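> Got a structure here, written out as structure tokens. Questions coming.
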Amino acid sequence: VILFFLIIFVTFISLEFSYLNFPSLFKTTDDKMNALFLQIQDPKEASPHVVIVDVDAVSIDKLGQWPFSRDIISQVLINLKNSGAGIIGFDMVFSNPDRLSPHAMAKSLNIQGSFVNNDILLANTLSQTPVILGYFFDMANKNMQTHPKHLANINIKGPTPIDTINEAYGVVDNIKVLKNAAYSSGYFNLTNITSGIVDSAPLLIKYEEKLYPSLALEMLRIASSKETIEVINSETGITGLYLDDLVLPTDPHAQIKLNFRGKGFSYKYISFYDILTSHYQEEDVQGKFILIGASDIGLNDLVTTLYDAAMPGVEVHATTIDNLLNSDFYYTPHEANTYGMFMIFFSTIMVGVVLYILPASWSIFIFFSSLSLLVYSQYYLIFSKHIIINFTVPLFALFATTGIFALLSYYYENKQKTKIYNKLSTKVSKNVAEEILKSDSDVLSISKKEVTVFFSDIRSFTKLSEELQDPEKLIKILNTYMSPMVTIITEHRGTVDKFIGDAIMAYWNAPLEQTNHADLAVQSALKQLKALTALNKTLKRIYNVELQIGIGINSGEAIVGEMGSAGRSDYTLIGDTVNLASRVESLTKKYNVPLIITAQTKNLLKGNYHIEKLDIVRVKGKTEETILYKVLS
């Protein structure tokens, strides 16, 4: 019952802290866990269809301080268009007029005349080139800018409004003349980064109740001549996007997990200055997705990813386009909770049942087997289905379940072993009891085996009882006698079976095997007789009595094992061998000999003893004759 409630508790806590109320608690740890999986496999090769025009250190050194004048940017776009560039996207925003424009400089100096307006020049170029401008959503602060421009027709299938998509409060957009001239635009926000590592890309962001596509998604849509982006919504959030027949499954926030191609500069990089001066091969840009961004460290557009602590931010957008083109990105679907819950139930209920059935010694094996299955399941989901789910909580649940069962099983097994040990140690020596508990086999099971059986009895005990007339004194005498006799038996690795009034029954070679069990029994008997001589001096002094005993020993096969009723049993032995040993003990009175053994025991002795043949008898209840021997020393 305790185990049942503990497992239910672990299951509840795991579900509560992972999928029900506090899923963000383990996000950082879970991101790191999944990163370990992603690093197992070597990154795929970057797509040759995505090229980056790089505002690098060389460009800044040649052209001066960033931002460059708009006429230079215009010339770069003209060169790319003339070289057959497929579609061009800007990982930058032109949020202010060009301060280096001749028109702006003349105005600031109050010089009259007709001067070139670089913003209008760039706008004219934008209207004639396949350019998608970039802009930036402010996810925290509100402003009064107008809505960004995009041409996508975004339809929502399912419940509205959409509450799970990241929502922006403001926007930093391009100046009006450029925004109006460009064909379309898309935001270049990466994601709400909580772990400091960029691993996701939001394909849609909500701003003033409208949905806007990312730069990468808008470039892909236009390049594939798709007019409509269908958003599949459900009660639990976004399940994915459709560009006609192109399916883009996402998490409920319309995000995808990026499948990076390795460290930074995995894609084809061409210096901005080389494009400006036409020092490049036209086939490097012909028909390609072109992203214009910056890698120069001074422009502060470097991000941390799984493979690189300082990757140019533009390469994240290149990776997004690459992933969308090849449909090999990762995502966390709305049914990820179902997968995770199943893993939790496996880690708690199923593993708990197995651990309950098997002994505690199996805990480590069960744990590593279950861990392997969990790891394989996560590996399969990531690399076969491209699904990433919460793995930390199922792992925690497995550790907790195994730990609880292992500790409780260990506690209860130790408690049971202590109980058995205490029971056995009253019958056998502590060493034998410990050996029985350590044994892998069921040594207490019922079996037939060769044993040596010992019976001893105090002579004339009934007469002594009548003479004393003091039950308390009689018990003290009996206990004074029994204690050293039992000690001697257990010291010789014998098992005390029972006390029958003033008699002691013991046996050897059970439950543990003993190659010299007959010798041990005889040696124990001789030592008891010797000990009795010394003991009688004490009994004479205190109680004015002396005891004489008779010992009978026989060897042979007997049935040994746990016997008794369902609620009360004992480890003992039965059979003709036991009966004969009892009869032999009673014959010690007739022959007035303290120790008698049978021929069966004598034939098993390996040591040297002073033995004399006593008689050949037919004891009560047996048809065969039995040869008796007395052992003197």
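> So which of Lys415/Lys476; Lys157/Lys179; Lys32/Lys142; Lys81/Lys179; Lys32/Lys268 end up more than 23 Å apart by C-alpha?
Correct reply: Lys415/Lys476; Lys157/Lys179; Lys32/Lys142; Lys32/Lys268.
> Can you check what the net charge comes to around Asn536, using other residues whose Cβ is under 14 Å from the Cβ of Asn536 (Lys, Arg +1; Asp, Glu -1)?
Taking every other residue near Asn536 into account, the sum is +4.
> Per-residue accessible area for Arg459 at 1.4 Å probe radius, Å² rounded to 10?
Spelled out: Arg459, probe radius 1.4 Å, area about 50 Å².
> Quote the FRET efficiency, to the nearest 0.05, computed for Glu208 versus Tyr356 with a Förster distance R0 of 41 Å and r equal to the Cβ-Cβ distance.
It comes to 0.10.
> Which one, Gly556, Leu526, Asn579, is farthest towards the positive end of the dipole of segment 521-627 when Lys and Arg carry +1 and Asp and Glu -1 on their Cβ?
Going by the charge dipole, the pick is Leu526.
> Continuing with this model, one more query. Taking the Cα centre of segment 167-280 as origin, sum charge times position over the Cβ atoms of Lys and Arg (+1) and Asp and Glu (-1), and report the length of that vector in debye to the nearest 20.
480
> Please express the shape of segment 214-341 as an equivalent ellipsoid: the semi-axes are the square roots of 5 times the eigenvalues of the C-alpha gyration tensor, given largest first in whole angstrom.
31, 19, 11
> Can you tally the net charge around Val51? Count Lys and Arg as +1, Asp and Glu as -1, for every other residue whose Cβ sits under 9 Å from the Cβ of Val51.
+1
> Label 7 Å along Cα→Cβ of Asp42; segment 303-346 residues with amide nitrogen under 19 Å?
Backbone N within reach: 307-308.
> Based on Cβ point charges of +1 for Lys and Arg and -1 for Asp and Glu, what charge dipole magnitude is obtained for the chain about its Cα centre, in debye rounded to the nearest 20?
It works out to roughly 3580 debye.
> Hey, can you find the accessible area per residue of the chain for me, probe 1.4 Å, expressed in square angstrom?
For the chain, the solvent-accessible area averages 49 Å² per residue.
> If you roll a 1.4 Å probe over segment 107-221 with all protein chains in place, what percent of the accessible area is carbon or sulfur?
Heavy-atom surface of segment 107-221 belonging to carbon and sulfur, 1.4 Å probe: 54 percent.
> Then there is this: State to the nearest 20 debye the size of the charge dipole of segment 264-356 about its Cα centre, where the only charges are +1 on K and R beta carbons and -1 on D and E beta carbons.
380
> Can you give the Rg to Rh ratio for the chain, taking only C-alpha atoms and Rh from Kirkwood?
Result: Rg/Rh = 1.41.
> For Ala181, what is the net charge nearby, where nearby means another residue's Cβ is under 12 Å from its Cβ and Lys, Arg count +1, Asp, Glu -1?
Here the count lands on +3.
> Let me ask something else. Could you point to the residue in Ile297, Gly287, Tyr356 farthest towards the positive end of segment 251-367's charge dipole, with +1 and -1 charges on the Cβ of Lys/Arg and Asp/Glu respectively?
So the residue we want is Tyr356.
> Can you tell me how much longer the chain between Thr28 and Lys498 gets when fully stretched, taken as 0.36 nm per residue apart minus their C-alpha distance, in nm with one decimal?
162.6 nm
> Nearest 500 deg cm²/dmol is fine: what mean residue ellipticity at 222 nm does the chain get from its DSSP H runs of n ≥ 4 alone, each adding -39,500 (n - 2.57), divided by its residue count?
Calculated from helices alone, the mean residue ellipticity at 222 nm is -12500 deg cm²/dmol.
> Mind listing the long-range amide H neighbours of Lys449? Cut-off is under 5 Å, sequence gap 5 or more, other chains count too, H placed in the peptide plane at 1.01 Å from N.
For Lys449, the qualifying residues are Ala558, Val560.
The values are calculated or read from the model by the stated rules, or taken from the named source; none is laboratory data. In this text, all values refer to a predicted model and were calculated from it rather than measured experimentally. For neighbour counting, all protein chains shown are included, and Cβ atoms are generated from backbone atoms with ideal geometry for every residue, glycine included. Just so you know, the surface numbers come from the protein's heavy atoms only, side chains and all, with ligands and any DNA or RNA stripped out. Shrake-Rupley method; radii C 1.70, N 1.55, O 1.52, S 1.80 Å.
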